[in-house]
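Take a look at the structure below.
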């Protein structure tokens, strides 16, 4: 990673560190700005690309829009970070417009593998330990019967 990008990223990080849950991680020549599981944007060499949305368009109507790479969606370009309070205000305001980041494929594969091994283990037992295999509560109380383990895990 280029020294000037790293220096600029440190400056941005100092401006935004008061935001609860804020973090930055290097990735493929840029820094990704995260806040509580959501991607706010990217720090490039001398500017920031913030996620574009209704709040960003309202707060930064005159800022140019540019893609992160050719063919990607447009982001809001922020070149002036001299007013740290304003930058924090914009980043916290756009947070609500953003979707939660998708889990990485490696995390998803691990969960799927655990679920499939869990299914195969449970299929081999004749009765469920939770409800006796008959779909009824073990404590003998009346009420809605619990679903079987198959209903809980099937899509």
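Coordinate-derived values only; no laboratory data. Everything numeric here is computed off the predicted structure, so don't read it as measured data. Cβ coordinates were reconstructed from backbone atoms using ideal geometry, including for glycine residues, and neighbour counts include every protein chain displayed.
Sorted by packing (mean other beta-carbon atoms within 10 Å per residue), highest first, where do 3-10, 35-42, 70-77 land? Show your work: numbers first, answer last.
On the way: 3-10: 14.4, 35-42: 18.4, 70-77: 12.8.
Highest to lowest by the protection proxy: 35-42, 3-10, 70-77.
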Q | Prolate/oblate/rounded call for segment 1-42, Cα gyration tensor, a/c under 1.5 rounded | A | oblate
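Would you order 28, 1, 44, 33 from fewest to most other beta-carbon atoms within 10 Å of each residue's own beta-carbon? Spell out each step's value before the answer.
Details: 28 8, 1 13, 44 19, 33 25.
The order, fewest Cβ neighbours first, is 28, 1, 44, 33.
Quote the relative contact order of segment 3-97 in percent (integer), defining contacts as alpha-carbon pairs under 8 Å separated by 6+ residues.
On the way: 145 pairs, mean separation 23.7, N = 95.
Once normalised by length, the contact order is 25 percent.
Using 1/(1 + (r/R0)^6) with R0 = 22 angstrom and r between the beta carbons of residue 7 and residue 68, what's the FRET efficiency to the nearest 0.05? Present the calculation step by step, with values, prior to reporting the outcome.
On the way: r = 20 Å, r/R0 = 0.92.
About 0.60, to the nearest 0.05.
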Q.
If you average the alpha carbon positions of segment 14-41 and of segment 42-59, how far apart do those two centres end up, in angstrom?
A. 12 Å
